[in-house]
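The values are calculated or read from the model by the stated rules, or taken from the named source; none is laboratory data. As the structure is a computational prediction, the values presented were derived from the model and not from experiment. Here Cβ is always computed from backbone atoms with ideal geometry, including for glycine, and neighbour counts include all displayed protein chains.
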């Protein structure tokens with residue numbers, strides 16, 4: 001069924017077809033430029049660009065030294081976007097992120113007035129480096145910016161530049177002196193991207209590249225206006241109802257206490273994903289389809305996006321921790337056993353029993 005293209009693809013306008021071709025060309029150029037600085041991490045680069053074209057935000061999680069910060073800054077350089085890095089520390093204040101109002105005196109008249117001084121959040125690409133190093137009070141300074149694309153100071157809204165893209169990094173191995181992100185803020189990130197160790201050959205190339213005197217010369221590819229146009233193209237990609245129902249089924253099965261759920265969810269999940277997860281799954285599927293030169297979405301696109309979209313929205317319980325079951329294991333089981341036929345999937349999944357994944 002996934003191979004049948006919806007009729008709406010045939011009616012795609014010439015402008016949309018041209019924009020899809022432009023996005024594919026830009027995607028290839030950006031990857032080529034980034035590879036001059038970053039070795040490997042092709043999946044991470046694809047997920048970052050996909051999130052950008054969906055007008056979303058992302059968390060990068062990985063141990064120190066995997067070039068997470070360098071990857072983000074390189075990406076901003078290749079796309080002619082303004083870049084701002086915020087190093088999150090325990091003493092960081094909300095105004096250090098959003099900006100603050102200062103008293104300004106007119107030397108001619110002697111009158112004083114308040115002027116808003118913009119903070120580092122006023123950039124196209126904002127790197128929230130080690131976001132879990134600062135308390136929730138400061139973490140929440142990004143909530144309005146991420147959701148509403150604006151900052152409110154003294155009752156006045158200040159619009160952020162478009163496109164606006166927040167990338168947050170986390171270190172998963174050191175928990176002393178950290179503050180886990182609240183679930184409400186985690187849910188505003190479209191994806192949680194795992195950055196893994198390089199392979200042996202990739203690490204060899206990294207060492208050679210970083211210990212040589214030559215520096216890469218990056219060429220700019222896309223501008224802000226181009227990216228906004230491409231974001232609109234992604235949203236115009238048609239999606240068949242059975243694909244939407246498939247994405248909904250994956251999300252709805254994670255909700256314990258809301259009807260019949262698989263045994264692996266009932267045993268290991270404390271809290272499941274909300275409707276925003278279904279929205280992001282469809283958007284991710286549309287963006288992946290366009291990046292692969294298609295103007296329709298298949299259930300394979302949804303399966304591919306399931307882990308990065310859902311892993312930070314599924315809260316596991318103590319049983320999962322004791323048995324070594326991760327959110328990714330639960331998602332794998334759901335993806336493997338969820339049917340993709342165009343039927344009412346809530347009824348089809350009722351009573352289905354999933355085997356628990358093997359313990360690691």
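Can you say whether residue 97 is farther than 29 Å from residue 301 by Cβ, in contact (Cβ under 8 Å) with a residue 24 or more places away in the chain, surrounded by 20 or more Cβ atoms within 10 Å (Cβ to Cβ) and not assigned by TED's automatic domain parsing to the domain that holds residue 279, as far as the supplied structure shows?
For residue 97, the condition - farther than 29 Å from residue 301 by Cβ, in contact (Cβ under 8 Å) with a residue 24 or more places away in the chain, surrounded by 20 or more Cβ atoms within 10 Å (Cβ to Cβ) and not assigned by TED's automatic domain parsing to the domain that holds residue 279 - is met.
Just to check your reading of the model, which residue among 143, 60 is closer than 25 Å to residue 309 by Cβ, surrounded by fewer than 18 Cβ atoms within 10 Å (Cβ to Cβ) and modelled with pLDDT of 85 or more?
143
Restricting to the stretch 228-268, count the residues that are in contact with a strand residue (DSSP E or B) (Cβ under 9 Å, 6 or more places away or on another chain) and either surrounded by 21 or more Cβ atoms within 10 Å (Cβ to Cβ) or closer than 23 Å to residue 52 by Cβ (or both).
Going through the stretch 228-268 one residue at a time, the tally reaches 3.
Within the bounds of the stretch 204-219, is there any residue that is farther than 21 Å from residue 38 by Cβ, surrounded by fewer than 16 Cβ atoms within 10 Å (Cβ to Cβ) and touching a helix residue (DSSP H, G or I) at 6+ places or on another chain (Cβ under 8 Å)?
no
So in the stretch 138-172, with the set limited to residues that are in contact with a helix residue (DSSP H, G or I) (Cβ under 6 Å, 6 or more places away or on another chain) and part of a strand (DSSP E or B), which one is farthest from residue 92 (Cα to Cα)?
So the residue we want is 165.
Taking the stretch 22-54, which residues are buried (at least 21 other Cβ atoms within 10 Å of the Cβ) and on the phi > 0 side of the Ramachandran plot?
41
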